[in-house]
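Coordinate-derived values only; no laboratory data. Given the structure is predicted, the values throughout are model-derived calculations rather than measurements. Quick reminder, even Gly has a Cβ in these numbers, built from the backbone with ideal geometry, and neighbours come from all protein chains shown.
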Amino acid sequence: MIYPIVIYGDPILHKKAVNIDESYPELDKLIEGMYSTMYKASGIGLAAPQIGKSIRLFVVDASPIAEDDEENTQLKDFKKVFINAEIIEESEEEWKFEEGCLSIPGIREHVERPEKIRIRYQDEKFNSYIEEFDGIAARIIQHEYDHIEGILFIEHLSAFKRSLLKGKLTAMSKGEVDANYPVKRPAAKKKS
Ligand code: NI
């Protein structure tokens, strides 16, 4: 199933998501649908809040960009499900890279993030792992992890950069969205 992607302006994107356990209904179907939705939108990561579910689940598949970054062997088979993730360590060293977000179509900006992370998470079978990631893999994880924390990449930008985007973002939150995949526009504010 292809889910419509929730667009900037919807409060669910600013909410901290909750953990889930084995009793979560039809998790396999949900994960499959998230992958289909992500591929349809040509994304490399998708978090559950972006399809309207405020749970700590995100999927990544970096294979579309693995060819661009042959040195980073972590990217080759970097297709993974992260459940109940917690970043437990971040490097002090940061680096800049351009990011975009399926929930904020048409906006791409350079974002500064820690180069390495250590993360605890569960896979789709609820096996637990603690792993280290760096480079692009770490960046994709941090971007998606932000989503389950209710944070968007534009929140990492300087106040000045954000002020330049304000017009576009306001228009987007009012439903002016140009995307080549199904979206869920934010509900119009009720007039009082
Ligand atoms: Ni995103």
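It is to be established whether one or more residues within the stretch 140-158 are in a strand (DSSP E or B), small (Gly, Ala, Ser), more than 12 Å from the ligand (Cβ to nearest atom) and without any contact (Cβ under 8 Å) to a residue 12 or more places away in the chain.
We begin by selecting, within the stretch 140-158, every residue in a strand (DSSP E or B); these are none.
For the stretch 140-158, residues in a strand (DSSP E or B), small (Gly, Ala, Ser), more than 12 Å from the ligand (Cβ to nearest atom) and without any contact (Cβ under 8 Å) to a residue 12 or more places away in the chain: absent.
Output the residues belonging to the stretch 49-58 that are within 12 Å of the ligand (Cβ to nearest atom) and either among the polar types (S, T, N, Q) or outside any helix (DSSP H, G or I) (or both).
Taking the stretch 49-58 and keeping what is within 12 Å of the ligand (Cβ to nearest atom), we get 49-51, 58.
Those that are within 12 Å of the ligand (Cβ to nearest atom) and either among the polar types (S, T, N, Q) or outside any helix (DSSP H, G or I) (or both): Gln50, Phe58.
Please find, within the stretch 27-48, the residue that is surrounded by the fewest Cβ atoms within 10 Å (Cβ to Cβ) out of those that are within 13 Å of the chain's Cα centre (by Cα) and part of a helix (DSSP H, G or I).
This residue is Tyr35.
Condition check ((1) touching a His at 6+ places or on another chain (Cβ under 7 Å); (2) farther than 25 Å from Pro186 by Cα) across all residues:
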site	(1), (2)
Asn84	no, yes
Glu90	no, yes
Glu98	yes, yes
Cys101	no, no
His110	no, yes
Asp123	no, yes
Phe126	no, yes
Ala137	no, yes
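Is it the case that the stretch 118-128 has a residue that's surrounded by 12 or more Cβ atoms within 10 Å (Cβ to Cβ) and within 14 Å of the ligand (Cβ to nearest atom)?
First, the residues of the stretch 118-128 that are surrounded by 12 or more Cβ atoms within 10 Å (Cβ to Cβ): 118-124, 126.
When the remaining residues are screened for being within 14 Å of the ligand (Cβ to nearest atom), the result is none.
Checked the stretch 118-128: no residue is surrounded by 12 or more Cβ atoms within 10 Å (Cβ to Cβ) and within 14 Å of the ligand (Cβ to nearest atom).
Based on this model, can you work out whether Ala66 counts as away from the ligand (no atom under 16 Å from the Cβ) and of a type in the set (Gly, Ala, Ser)?
Values: away from the ligand (no atom under 16 Å from the Cβ): yes; of a type in the set (Gly, Ala, Ser): yes.
When the stated conditions are applied, Ala66 passes them.
What's the number of the condition Ala85 fails, among (1) closer than 25 Å to Met172 by Cα; (2) outside any loop (DSSP other than H, G, I, E, B); (3) within 16 Å of the ligand (Cβ to nearest atom)?
Exception for Ala85: condition (1).
Out of everything in the stretch 90-105 that is assigned to a loop (DSSP other than H, G, I, E, B) and surrounded by 11 or more Cβ atoms within 10 Å (Cβ to Cβ), what residue ends up being nearest to the ligand (Cβ to nearest atom)?
At the first step, the residues of the stretch 90-105 found to be assigned to a loop (DSSP other than H, G, I, E, B) are 91-93, 100-105.
Now restrict to residues that are surrounded by 11 or more Cβ atoms within 10 Å (Cβ to Cβ): 91, 100-105.
Details: Ser91: 22, Gly100: 8, Cys101: 3, Leu102: 6, Ser103: 5, Ile104: 7, Pro105: 10 Å.
Within the stretch 90-105, the match that is nearest to the ligand (Cβ to nearest atom) is Cys101.
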